Amino acid sequence: EILMSDQEYGAVNACWDYIAERYGLTVRRVEMPLEIRNKEQIIDTFKSGLSDKTQAMVFAHVYWSTGLAVPVKELIELGREAGVWVIVDGAHATSMVPLKLDEWNPHFYMSSLHKWTLAPKGTGFLFVSDDAQPHVEPLILGGNARRNQDGDASRFDMMGTRDQTPFIGLGTALDFQAEIEWEQIRAYCQGLAGYLKERIRRFKGCRILTPTDPEMSGFITTFTIEGADIQKIRQELWDDEHIETSAFTIKDIPVFRISTHFYNSREDINRMIREIERRL
Ligand SMILES: Cc1ncc(COP(=O)(O)O)c(C=O)c1O
């Protein structure tokens with residue numbers, strides 16, 4: 001069995017459904033509460049799905065939907081103690097929440113760097129722990145692929161001749177954020193997300209699905225407003241005001257997902273709030 005929650009990203013679901021079908025495995029999706037108040041709820045959710053059939057545990061570090069940041073260290077420990085492969089989808093996590101891969105040591109951790117790292121599209125990384133590396137085969141057989149079968153990761157290094165420009169851009173993006181200092185970015189963006197939560201809480205019928213605890217959230221804020229046509233408002237915000245937001249449904253609840261990065265200000269938030277309010 002492959003254990004995951006019912007809130008994983010679409011492509012992650014598709015990937016594991018494909019693997020399950022191909023190798024005759026079962027995907028077990030445990031229901032994670034929509035509104036998380038403490039980290040024990042998350043740990044208990046995954047604990048409840050572990051059994052002697054479980055071979056792999058898959059979860060997001062930061063959920064695409066509610067922006068929930070899970071207690072990743074504890075979940076990795078839970079999976080390792082249960083003797084299952086631990087695979088973490090960190091697409092949204094890099095440059096948003098603390099990342100200590102050497103200390104946490106999941107078997108696999110992948111991240112997209114075009115999101116919060118602001119690097120070019122097509123950049124990302126895959127971390128594979130020392131004990132998992134011998135079990136991994138290169139998908140692309142480049143010049144080094146048959147060397148070092150039991151050794152280091154150099155067999156993955158060559159993948160034919162490819163466009164290196166996104167990776168050069170990645171270096172620039174990392175330098176840029178290092179110059180501003182990540183701790184400052186984190187503090188500023190947490191402040192903005194906190195301010196946003198404070199403001200939207202005043203909407204009548206507002207329900208915030210992102211935890212308020214800064215340990216369990218980052219720079220994504222997801223909320224619903226009872227009775228509001230959220231899709232229509234989203235479209236108008238873009239068409240009339242050029243304010244880009246995201247709107248979708250989670251478990252049939254229509255929501256706004258607002259992403260605030262360091263290039264945003266409180267004034268941006270005030271303007272968005274005014275424009276939403278006008279349309280309620
Ligand atoms: C949680 C999560 N996982 C995976 C992905 C896929 O990332 P990418 O589009 O960079 O492949 C996304 C993209 O939004 C995501 O939010």
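Remarks
- The order of the peptides 28-38, 128-138 by mean Cβ neighbours within 10 Å, most packed first, is 28-38, 128-138.
- Sorted by Cβ density within 10 Å, fewest first, the residues THR221, THR172: THR172, THR221
- Pairs beyond 26 Å (Cα-Cα), from LYS121/LYS197; LYS73/LYS121; LYS47/LYS100; LYS53/LYS121: LYS121/LYS197; LYS73/LYS121; LYS53/LYS121
- Sites listed here are trypsin sites (Lys or Arg not before Pro) in segment 172-280 whose DSSP assignment is loop and whose Cβ has at most 16 other Cβ atoms within 10 Å: ARG201, ARG202, LYS204, LYS251, ARG279.
- Dimensionless Rg/Rh of segment 1-64 - Kirkwood Rh, Rg from C-alpha atoms: 0.97
- Counted by neighbouring Cβ atoms within 10 Å, the residues THR26, THR66, THR94, THR161 run from fewest to most as THR161, THR26, THR94, THR66.
- Summed side-chain charge close to THR210 - residues other than THR210 whose Cβ falls under 14 Å, Lys, Arg +1, Asp, Glu -1: +2
- By the rule of a C-alpha distance below 16 Å, with chain neighbours fewer than 8 residues away ignored, the aspartates and glutamates paired with LYS204 are GLU226, ASP229, GLU275, GLU277.
- As a rough footprinting exposure proxy, the listed residues LEU280, LEU118 were ranked by other beta carbons within 10 Å of their own, and the order from fewest upward is LEU280, LEU118.
- Partner lysines for LYS251 [C-alpha distance under 20 Å; skip if fewer than 8 residues away on the same chain]: LYS232
- Size descriptors for segment 181-278 (Cα atoms only): Rg and Dmax, in that order, 13.1, 41 Å.
- Over the chain - Rg/Rh using Cα atoms and the Kirkwood inverse-distance radius: 0.99
- Taking the alpha carbon gyration tensor of segment 2-169, multiplying each eigenvalue by 5 and rooting it gives semi-axes of 28, 20, 15 Å, largest first.
Bear in mind these aren't lab numbers, they're just calculated from the coordinates by the rules spelled out. What you see is a predicted model; the values in this text were computed from it and never measured. When we count neighbours, we look across all protein chains shown, and the Cβ atoms used for this are built from the backbone with ideal geometry, even at glycine.
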